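The values are calculated or read from the model by the stated rules, or taken from the named source; none is laboratory data. The structure displayed is predicted, hence computed values, not measured ones. With ideal geometry, Cβ positions are generated from the backbone for all residues, glycine too; neighbour counts draw on all protein chains shown. Just so you know, the surface numbers come from the protein's heavy atoms only, side chains and all, with ligands and any DNA or RNA stripped out. Shrake-Rupley method; radii C 1.70, N 1.55, O 1.52, S 1.80 Å.
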Amino acid sequence: MSPEQQKPRNDSSSHKVVSKKINQILSALRVPDLPYPASKVPSEAEPEWRSLLLSCWAEQRDERVTRVLGSVDITWSVRQVNAAYLSDRIMDLFLKTSGLHPTLITRIARLRFWLAWRLDVAGAEAFNGRLLNWLDHLKEWRGWSDTGGRSARALLDQLDVLKQLVADSFEQESPTLVESFCEHWLADAEKRQAQVNRLSERLLDTEQGASRQRFADQVARALIGRALEGRQLPRGISRFILEDWYSVLKQSVWLEGTAGEAHRHANKLLEWLVWAGDPQLSRNDPSRLYHVGEQIEDRLNSVWSRVFSSPAPADAIAKAHADIVARIRGDEPALEPALPQSRPFKWDTAWLSLTPVEPVDVERFVHKWYVEGEGVHEQRRFFFALLEHTNEILWTNGVGAKLSTQGWPTFVAALESGTLRELPAPTPFGQILGETVTVLAQVCVKQQKQREKAAEQARARAEEARLAKQEAERKHREQEAARQAELERQRAEAEKQRQEDEKAEQLRQKRQRELEAGQQIDGIPLGGWIVIAGDPEPVRLKLAVKIAASNKFVFVDRLGLNRSEFHYEDLVEGIVENRIRVLGKSAEFDDTLTRVVGRIRVGRS
């Protein structure tokens, strides 16, 4: 929950908007692609859908109500379809803009099934004051994350209770159980807020003190680590620094900070201890070593007493001072690594150069919600305060419980890389409801005007269509008459063309035959035979002479008598008309054979 909460309003402006507009939306709205009935459904014939919506709620389905209606073969009423659409649209927008964790808002959005039923039954009264206030108040949980912890589980347990109450509300056909749940939730929220304020104040005091202790510890460690790194010192001095003087350094920082005189003296004495104990540093300056050895015990006791308000234990400084005295006498005490190998001493010199963050830079980010991760795996945290001693951000869950601390540079780097994002401001449910209903009401008015305009245009179009039909019929008759006339003309032209083509083909064939006949005549040798059609028998004649000057051909019969003359054209015409036929080689052979046989017969006789 966020620390800044306001008492829910009993009469929100969104409720007023709903009361005025919702009935208009349920009766007049038309949305494309939704399963509206083809005609008005009588009230006594309206299908019962409460059991269908109850089953969807019991299964906790993440599905739109309109999709459920379209998946079954039932004729729904206009009011039912619009109630489903309005419920879907409101919950879809709430899913996107509420700012709540996906796991939480997904469960809340399933109330769409119950809301659709209530809108159909009660209209605007479905969103009464208690329900609206509860949905508006859900923004206090915008920092909730599904961590699996006790506080996270407590909210999910309450939603499990709501699940059963909604199912019972379906069964009883009454919203009383759900409204009572909302009322108790809001009463508990006021009590929780007072407790959150007390826990937050106590947490800040505790963490500021812890931050101060952590800063003192880290500075002391950084000073000792920097001074002892790589050094070989007598065991007594090393143990005194790590076990005793470490506490002095830390306490000096805790009391006065790094700029205090006690811390400055404690740090200076740390340097003296290291210088006096390391032969590599003090071997060449015995007079100074004597001077340090003479004063160091008193100064160590003085700083100790100032820091702890009590003298140092008798044996606390003795071993370290003994090692320094041995060095002054010229003894060489056994040296060993100043930092123990068995128990690593951790330090970070960055703590020595820590600079405070400017308040103006912090103001931009403090008291805001941030989120890390995506989807159901996202984790939310509240920037409660910047711990000034360590420059660490104190992250809480928004209800006074610490989540973690994070260094300021790491926080800035996470923002720049996008791994950590500021959570957008939440959108109250009442605002979503009011804006949605207002927009849909405007759509209803626009659709009504469009329907009136469409009806007028339809009447005008019907009259235009009637006149256009008459004109089209007249034009069709004229066009048909013109088409028939054109067809007749085309048929006459086609017949004429056919006759001309036929004559041309006959002429071409005649010329072809004449050409072939000419070739046959040219090919008749002297002595070649032709047959002339006769009555009763055809006459065979033999070419006796060709007269080239007059283009005449002289033919005789088989006995060389009955001379017949033909012009070239006459022969061609006769061949074309099939009155004359040119005989080939076989005819000459027959003629020769006939003469031979005739002579033989004459000789015998």
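Before moving on, here are some points about what is shown:
- Placing a pseudo-label 7 Å from each Cα along the Cα-to-Cβ vector at LEU255 and LYS475 gives an inter-label distance of 11.0 nm.
- Filtered GluC sites (Glu not before Pro), the range 92-199: DSSP coil and at most 11 other beta carbons within 10 Å: GLU173
- Ligands, DNA and RNA are left out, and with a 1.4 angstrom probe the accessible area of the chain is 57 Å² per residue.
- Between VAL31 and ASN562, full extension at 0.36 nm per residue minus the direct alpha carbon distance yields a gain of 179.9 nm.
- The magnitude of the dipole of the chain, with charges of +1 and -1 set on the Cβ of Lys/Arg and Asp/Glu and taken from the Cα centre, is near 1640 debye.
- Accessible carbon and sulfur surface of the chain relative to its total accessible area, %, 1.4 Å: 51
- Percentage relative contact order, the range 84-189, counting C-alpha pairs under 8 Å, at least six apart: 27
- Set against the labelled values (1) 80.4; (2) 27.6; (3) 35.2, mean projected area of the Cα convex hull in nm² computed from this structure falls on (1).
- A convex hull fitted to the Cα coordinates of the range 142-234 yields 144 cubic angstrom per residue.
- Modelled spin labels at GLN172 and LYS446, positioned 7 Å past Cα toward Cβ, are 4.2 nm from each other.
- Charge dipole (debye, nearest 20) of the range 14-195; +1 at Cβ of Lys and Arg, -1 at Cβ of Asp and Glu: 680
- Residues within the reach of a label modelled at ALA454 (point 7 angstrom out along Cα to beta-carbon, backbone nitrogen below 18 Å), restricted to the range 36-73, are 36-41.
- Alpha-carbon centroid distance for the pair the range 540-564 / the range 490-512, whole angstrom: 39
- Theoretical FRET efficiency, 1/(1+(r/R0)^6), r = Cβ-Cβ of LYS368 and SER19, R0 45 Å, to 0.05: 0.80
- Site pair HIS184 and ILE328 shows an inter-label distance of 8.0 nm when each label is modelled 7 Å from Cα along Cα→Cβ.
- Positive-end ranking of LEU233, LEU281, SER310 along the dipole of the range 230-338, with charges on Cβ about the Cα centre, is headed by LEU281.
- At least 27 Å along the helix axis (C-alpha) and Kyte average at least 0.0, DSSP helices within the chain: 78-97
- Relative contact order [Cα under 8 Å, 6+ residues apart], the chain, whole percent: 15
- The calculated FRET efficiency for the pair LYS510 and LEU487, based on their C-beta separation and a Förster distance of 35 Å, comes to about 0.55.
- Among the listed pairs LYS21/LYS96; LYS139/LYS402; LYS268/LYS346; LYS163/LYS402, those beyond 25 Å (Cα-Cα): LYS163/LYS402
- Of the residues ALA124, TRP351, ALA517, the one whose Cα sits farthest towards the positive end of the charge dipole of the chain is ALA517 (charges of +1 on Lys and Arg Cβ, -1 on Asp and Glu Cβ, taken about the Cα centre).
- Across the range 14-195, the relative contact order, built from alpha-carbon pairs under 8 Å that are at least six residues apart, equals 25 percent.
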